[in-house]
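Colleague: For reference, the structure I am asking about is given below.
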Amino acid sequence: MYTLLNQRINHIEENKLQYLLKNSQTGLEKESLRVDNEGLISQRPHPKQLGSALKNSWITTDYSESLLELITPPCNRAYQSLDFLQDIETFVYQELKDELLWTSSMPCIINGEADIQIADYGTSNSGKMKNIYRHGLAWRYGKTMQVIAGIHFNHSVAKDFWPAFQEMDKVSGEAIEFSNRRYMGMTRNIQRYGWIIPYLFGCSPAICKSFLGGNPPSETMETYNHNTYYEPYGTSLRMGDIGYTNRKSSKVGIKADYSSVKSYTDSLRAAIETSYSGYEEIGVKVDGEYRQLNTNILQIENEYYSTVRPKQILEGFEKPIDSLLNRGIRYVELRSVDINAFHPAGITHLQLYYLEIFMLFCLLQDSPHINTAEQKAIDRNQSTVAHLGRKPDLELDRDGNAITLKSWGLELMDAMLPVAKLLDQTHSRECYQLALKEQRELFENPALTPSAKVLSTMMSEHASYYDFANHQSQQHRKYFTERSLSQDKWDEFTKMATQSIEEQNALEAEPQINFDTFLQQYFDGSL
């Protein structure tokens, strides 16, 4: 089953090619909900001292005005990306003063959708488009699930490695075609083995009842007290049926085709160009106000939720699918990581090292195309692990056959050991094998998983899930407000904030074409 993986690793080691992987890059994106000291969603606008959400590359907003998104540049080592993320959050906290960044993926107190203010990006056409897109999400799916937070792990394989990889696989042709094929193989394997991420990283086994807005809980949920539901064996409710994934994609049956870059972009293009009757009923421009960008299955590509996305850096008003076709895949975005409520930054160095192992494993492991039956199994496995991942003797579906989560997990960990050794050789360290050992223990003892620790801590030390998450958020605020930031870093973040405001002001001072024309030109690619 892992023959090709081991052949590739042996070739790399025998030819001493490990050093070519050294400049692989990692970037992080972390969403954090701003709340007041009572855990209520902040009603304040995006703080001016953090810059323009439209133009600041490191500090922006996601769906709502209160949902911060902190973004690192790509770094040559994963630990550097985490260090940069902590520097950003230190700057943010020391500018926020009296607000908290909620340290859980699931929000707590939500007093109805009116509490959730859609993010504002100003009066420019590009700013209006971002805002209207979010209004469209509200009309289509409601606001509540849009304030779920997570961490995205962005990873690109070192450019120097690709020629050696192509030679190793004895594949002729254009370099970009080869890297595209292998990157798409990586994305398929991330889906195929992706259930492992909510098991190992899931940190949201409980929710505040207000999140459901009066709707009944799932059959497997239990009541903890008057304001908390929980899944006894749950790992990541964020990735389960109450989260963004299943409710969204099942509505119109969208499934991207990951067989190739062409098939992937074709499937998304069909969705962004095909009208859907349910969205036609909403309307686009009603009484002079936009409700959504269009009535298509997807307004834009980003509306398609997936645990993984192949990506390219956009140029100007380029659409994501066009960027992939024009310049190929630049990096792969893993989107299924919960915020670790036990660490101020939301993720640890050892967790990041494991994710590097996982990504390289998915690249080097054989990756056949995913047929309809396997896609259904992938979806079932993810949902099963999200809701029942720590259940003893839980079975998953592998190639149509039942296999226990524990045995499959331990098998994958053993298969990843040569990858961990390879990365230790690459960087002359032993952190990768240590990270793998730490994660392997979670299959031997599910009580060590973050999700199990959330429930045990909640039940032994706190009155509710809200009390647990609020306590952790208060502790993390203390960490960041007391953490020192070098003057150079402080000046760098301040300069970025100031410049971003100036850039937005300059953009808005420019003559703007009619917005209807702007949208038409964006979608037909002539902007």
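The values are calculated or read from the model by the stated rules, or taken from the named source; none is laboratory data. Just so it is clear, the structure is predicted and the values come from calculations on it, not from any experiment. With ideal geometry, Cβ positions are generated from the backbone for all residues, glycine too; neighbour counts draw on all protein chains shown.
Colleague: Output the number of the condition that residue 127 fails; it satisfies all remaining conditions of (1) part of a helix (DSSP H, G or I); (2) exposed (fewer than 15 other Cβ atoms within 10 Å of the Cβ).
Modeller: (2)
Colleague: Which of the residues that make up region 15-33 are surrounded by 21 or more Cβ atoms within 10 Å (Cβ to Cβ) and more than 30 Å from residue 147 (Cα to Cα)?
Modeller: Answer for region 15-33, where residues must be surrounded by 21 or more Cβ atoms within 10 Å (Cβ to Cβ) and more than 30 Å from residue 147 (Cα to Cα): 21, 24.
Colleague: Would you say residue 142 is touching a residue at least 24 places away in the same chain (Cβ under 8 Å), in contact with a Phe, Trp or Tyr (Cβ under 9 Å, 6 or more places away or on another chain), of a type in the set (Gly, Ala, Ser) and closer than 30 Å to residue 65 by Cβ? Walk me through it before giving the result.
Modeller: Values: touching a residue at least 24 places away in the same chain (Cβ under 8 Å): yes; in contact with a Phe, Trp or Tyr (Cβ under 9 Å, 6 or more places away or on another chain): no; of a type in the set (Gly, Ala, Ser): yes; closer than 30 Å to residue 65 by Cβ: yes.
So residue 142 does not fit the description; no.
Colleague: Still on this structure: Determine if region 80-91 includes at least one residue that is touching a residue at least 60 places away in the same chain (Cβ under 8 Å), touching a Cys at 6+ places or on another chain (Cβ under 7 Å), on the phi < 0 side of the Ramachandran plot and of a type outside the set (Lys, Arg).
Modeller: Initially, region 80-91 is screened for residues touching a residue at least 60 places away in the same chain (Cβ under 8 Å), giving 81-82, 85-91.
Among the residues that remain, those that are also touching a Cys at 6+ places or on another chain (Cβ under 7 Å) are: 81.
Still in the list and also on the phi < 0 side of the Ramachandran plot: 81.
If we keep only those that are of a type outside the set (Lys, Arg) as well, we get 81.
Yes: region 80-91 contains one or more residues that are touching a residue at least 60 places away in the same chain (Cβ under 8 Å), touching a Cys at 6+ places or on another chain (Cβ under 7 Å), on the phi < 0 side of the Ramachandran plot and of a type outside the set (Lys, Arg).
Colleague: Go through region 351-375 residue by residue and tally those that are assigned to a helix (DSSP H, G or I) and free of Cβ contacts under 8 Å to residues at least 12 places away in the same chain.
Modeller: Counting residues in region 351-375 that are assigned to a helix (DSSP H, G or I) and free of Cβ contacts under 8 Å to residues at least 12 places away in the same chain gives 1.
Per-residue answers, yes or no, for (1) out of contact with any Gly (no Cβ under 9 Å at 6 or more places or on another chain); (2) of a type in the set (S, T, N, Q):
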| position | (1), (2) |
| --- | --- |
| 39 | yes, no |
| 47 | yes, no |
| 50 | yes, no |
| 86 | yes, yes |
| 108 | no, no |
| 117 | yes, yes |
| 123 | yes, yes |
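Colleague: Further question: Being at pLDDT 95 or above, among the hydrophobic types (A, V, I, L, M, F, W, C), over 27 Å from residue 272 (Cβ atoms) and under 27 Å from the mean Cα position of the chain (by Cα) is the requirement here; does residue 157 meet it? Walk me through it before giving the result.
Modeller: Working: at pLDDT 95 or above: yes; among the hydrophobic types (A, V, I, L, M, F, W, C): yes; over 27 Å from residue 272 (Cβ atoms): yes; under 27 Å from the mean Cα position of the chain (by Cα): yes.
When the stated conditions are applied, residue 157 passes them.
Colleague: Of the conditions (1) more than 24 Å from residue 54 (Cβ to Cβ); (2) of a type outside the set (Ser, Thr, Tyr); (3) at pLDDT 95 or above, residue 253 fails just one. Which one is it?
Modeller: Of everything listed in (1) more than 24 Å from residue 54 (Cβ to Cβ); (2) of a type outside the set (Ser, Thr, Tyr); (3) at pLDDT 95 or above, residue 253 misses just condition (3).
Colleague: Here's a follow-up. Which ones in region 52-65 are assigned to a strand (DSSP E or B) and either surrounded by fewer than 19 Cβ atoms within 10 Å (Cβ to Cβ) or in contact with a Gly (Cβ under 7 Å, 6 or more places away or on another chain) (or both)?
Modeller: Passing the criteria: only 59.
Colleague: What are the residues in region 107-131 that are modelled with pLDDT under 95 and under 21 Å from the mean Cα position of the chain (by Cα), if any?
Modeller: Scanning region 107-131 gives 107, 108.
Colleague: Follow-up question, since we're still on this one. Yes or no: region 465-485 includes at least one residue that is without any contact (Cβ under 8 Å) to a residue 60 or more places away in the chain and buried (at least 19 other Cβ atoms within 10 Å of the Cβ).
Modeller: no
Rundown of residues vs (1) under 24 Å from residue 492 (Cα atoms); (2) at pLDDT below 95; (3) not aliphatic (A, V, I, L, M), yes/no style:
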| site | (1), (2), (3) |
| --- | --- |
| 13 | no, no, yes |
| 45 | yes, no, yes |
| 54 | yes, no, no |
| 73 | yes, no, yes |
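Colleague: Just wondering, is there one or more residues in region 132-140 that are in contact with a Leu (Cβ under 8 Å, 6 or more places away or on another chain), under 30 Å from residue 231 (Cβ atoms), crowded, with 20+ Cβ neighbours inside 10 Å and modelled with pLDDT of 95 or more?
Modeller: no
Colleague: Filter region 130-155 for residues that are farther than 21 Å from residue 197 by Cβ and part of a loop (DSSP other than H, G, I, E, B) and give the result.
Modeller: Residues satisfying the conditions are 142, 143.
Colleague: Within region 407-416, take every residue that is surrounded by fewer than 17 Cβ atoms within 10 Å (Cβ to Cβ) and touching a residue at least 12 places away in the same chain (Cβ under 8 Å) and give me the one that is nearest to residue 455 (Cα to Cα). Write out each step before concluding.
Modeller: First pass over region 407-416, keeping only residues surrounded by fewer than 17 Cβ atoms within 10 Å (Cβ to Cβ): 407, 410-411, 414-415.
Going one step further and asking which of them are touching a residue at least 12 places away in the same chain (Cβ under 8 Å), we end up with 410, 415.
Details: 410: 24, 415: 31 Å.
Per the stated criteria, the residue is 410.
Colleague: For region 317-340, check the following and say yes or no: at least one residue is of a type in the set (Ser, Thr, Tyr), in a helix (DSSP H, G or I) and within 29 Å of residue 204 (Cβ to Cβ).
Modeller: The initial filter retains those residues of region 317-340 that are of a type in the set (Ser, Thr, Tyr), namely 323, 331, 336.
Now narrow it down to the ones that are in a helix (DSSP H, G or I): 323.
Checking the rest, the ones that are also within 29 Å of residue 204 (Cβ to Cβ) come to none.
For region 317-340, residues of a type in the set (Ser, Thr, Tyr), in a helix (DSSP H, G or I) and within 29 Å of residue 204 (Cβ to Cβ): absent.
Colleague: Here's something else I'd like to know. Can you say whether residue 303 is surrounded by fewer than 19 Cβ atoms within 10 Å (Cβ to Cβ) and closer than 18 Å to residue 273 by Cβ, as far as the supplied structure shows?
Modeller: no
Colleague: Among the residues of region 94-115, write down those that are buried (at least 24 other Cβ atoms within 10 Å of the Cβ) and farther than 29 Å from residue 491 by Cα.
Modeller: 104, 105, 106, 107, 108, listed by residue number.
Colleague: If I filter region 66-83 down to residues being in a loop (DSSP other than H, G, I, E, B) and crowded, with 22+ Cβ neighbours inside 10 Å, which single residue comes out as farthest from the chain's Cα centre (by Cα)?
Modeller: Restricting to residues being in a loop (DSSP other than H, G, I, E, B) and crowded, with 22+ Cβ neighbours inside 10 Å, the top hit is 66.
Colleague: Just to be sure I understand, how many residues within region 178-233 are among the acidic types (Asp, Glu), touching a residue at least 40 places away in the same chain (Cβ under 8 Å) and surrounded by fewer than 16 Cβ atoms within 10 Å (Cβ to Cβ)?
Modeller: Quick first cut of region 178-233, residues among the acidic types (Asp, Glu) only: 219, 222, 231.
Still in the running and touching a residue at least 40 places away in the same chain (Cβ under 8 Å): 231.
After this cut, where a residue has to be surrounded by fewer than 16 Cβ atoms within 10 Å (Cβ to Cβ) as well, the list is none.
Adding up the residues that qualify gives 0.
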